[in-house]
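To start, the structure itself, in structure tokens.
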Amino acid sequence: NWARRTKASMLAATSVYKDFLQSLELLEQNADESGNLTGEDLVLWLRFSAQRPEALSRERAATRLNEIRQQRRLSVPERAILASLHKQNGRWEDAKATMLDVMANAPNDSGYATTFVQWLIEEDELADATAWLRSVPTQSVDSLRFSTILLVRQGKAQDAAKALLDLSKQARNPAQANNVSNVAIIMEEAGKYDPRFYELAEKQWKRYVQLRPNQGRRLVEFYSRVPGGKKLDEAIELCQTEIVKAIKANDPAMMRYYFTLALQGLRTNEGNIPPNSDVFARITKWFDAAKSRNLDDLELSWLEVDFYDIQGDTDKLDELYRAFLNRSDASDLQKAVVRNNLAYQLAAAGRGAEALEVIGDAIDQLGPRADFLDTRALAYLASGDYANAVKDLNLALNSGNESGPMLFHLALAYDGNGDRQQAAQSLQRALDLGLQESDMSQSEAEKFTRLQEKLKDEMAEGEPQL
């Protein structure tokens, strides 16, 4: 039984849909004489299913929990899983009530309190988060992180900064350097609410590297995470220095590591990089140099796909996607992601039938995830099958993955299906979530503009009357 649980856990961690299904099959082999899973096996089955990205697996977990509730009271771990399902599905009040029940029955398990405080902050229930923070171990990193965020959210940024800096000052030698890195990480998170904290975090990362000179990569990692284009030049410059050294030393692992950081910097700052930026030419030269030294392996090919995806070079991407899918050394997970990307591109080009075939293979590999359902819906749209597009998009949205682009695609599907009122409601919801033309490709932006013009009367009808 233990061996099956261990193997099931390893399979579930791969993210590959067929591995997940196999992990459930292994757990089910531990069923009792009545054919029922119990104890740790049941909790793992529920947890693996609840953590999956596709709604179908989470629905199975919810159904199984409801069946169990008809027979007995759920255990504390089972109720915690139910709470997480409620949270993912946007049922916050149910999630909150269930988690309160969990903590009442497991008062000594600080892990549940830590999760609950995180949820309260996400839901902007800051007063409750402050009250429940007392249940998180006071000397823990989580307690410091939560108290910092709460102070910043409550307009007390200076108090938060002072507390963090006082803690950092206590670190005076390499053995205490982790305190500095913890402070830097927390400052970064605070930067999401108050950008001034990014400047403080930079100073802390520099101090950390002074204490541990062999950890210079941590500063580069930080620069690649800073949004708004403020530290992208520093990230690219440092990455180039390290990549040149790695190529000369024939060290592919280190080369790929700094390629990854550079691309992370591009991803973080996509909206702040002009299409003609010389940063793209610089990185192209890195790839050429690596290939000239025969360092062109699977992982570098994966990074090159990501690079041209960031650039939006569809012709080059089509070539790279198809070459990647022919590689025998690529994993199922990698191929499924590439198939999703290729199908999205094919659908955008109006090649619906081919897109459906490609995304179908991806869904077979990783399951009906929300992003895959969105892509398949676009393929249906390109094929003129609006009913199936509506079905897929509603399934994706109902799985707790509501987003502006997905709602815009749903508006297109409803409009194609002749339901202008539903189209207008979906488009308005996308706008309410902040969807803008700048978030889209040129072809989608044109559809967005046309649809807004087409549905302006229906959308006006839906506005509240003064």
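Quick notes
- Here the stretch 23-99 yields Rg over Rh of 0.97, to two decimals, using C-alpha coordinates and the Kirkwood radius.
- Calculated log₁₀ intensity ratio I(q)/I(0) where the Debye formula runs over C-alpha points of the chain, q = 0.08, 0.11, 0.14 Å⁻¹: -0.62, -1.24, -1.58
- Ranked packing of 209-216, 405-412, 141-148, 163-170, most packed first, by mean Cβ within 10 Å: 405-412, 141-148, 163-170, 209-216
- Debye log10 I(q)/I(0) for the stretch 336-463, one point scatterer per Cα, at q = 0.12 Å⁻¹: -0.40
- Residues of type lysines that Lys7 reaches as a straight line, Cα spacing below 27 Å, ignoring anything fewer than 8 places off in the same chain: Lys18, Lys335
- Each peptide among 33-40, 90-97 gets the average number of other Cβ atoms lying within 10 Å of its residues, and from highest to lowest they stand as 90-97, 33-40.
- Here the 3J(HN,Hα) profile of the stretch 23-35, calculated from phi with Karplus coefficients 6.51, -1.76 and 1.60 at θ = phi - 60°, is 5, 5, 4, 5, 5, 5, 6, 8, 5, 6, 4, 8, x Hz, Gly and Pro shown as x.
- log10 of Debye I(q)/I(0), alpha-carbon scatterers only, for the stretch 186-261 at 0.21 Å⁻¹: -0.93
- Computed E for Gln170/Asn417 - FRET, C-beta separation, R0 51 angstrom, nearest 0.05: 0.20
- Listed residues Ser143, Ile186, Leu164: farthest to the positive end of the dipole of the stretch 141-190 (Cβ charges): Leu164
- Per-peptide packing, taken as the mean over residues of other Cβ atoms within 10 Å, places 257-267, 311-321 in the sequence 257-267, 311-321 from highest down.
- Projected over all directions and averaged, the alpha-carbon convex hull of the stretch 1-157 occupies 10.6 nm².
- The alpha-carbon of Lys245 sits under 14 angstrom from the alpha-carbons of these aspartates and glutamates, leaving out residues fewer than 8 places away in its chain: Glu237.
- Expected 222 nm ellipticity per residue - DSSP helices of 4 or more, -39500 (n - 2.57), all of the chain, to 500: -23500 deg cm²/dmol
- FRET efficiency for the pair Lys454 and Glu354, taken as 1/(1 + (r/R0)^6) with r the Cβ-Cβ distance and R0 = 25 Å, rounds to 0.35.
- Cross-link partners for Lys96 among the lysines, with Cα-Cα distance under 16 Å and sequence neighbours closer than 8 places in the same chain left out: Lys87.
- Taking 0.36 nm per residue of separation and subtracting the Cα-Cα distance, full extension of the segment from Glu123 to Asp432 would add 109.5 nm.
- When the stretch 1-58 is described by a simple charge dipole with +1 on each Lys and Arg Cβ and -1 on each Asp and Glu Cβ, the residue from Gln51, Gly35, Leu21 located farthest towards its positive end is Gln51.
All of the numbers you see were taken from the coordinates with simple rules; none came from a lab. Here the structure is a predicted model, which means the values were calculated and not measured. A quick note on method: Cβ atoms are made from the backbone with ideal geometry, for glycine too, and the neighbour counts reach across all protein chains shown.
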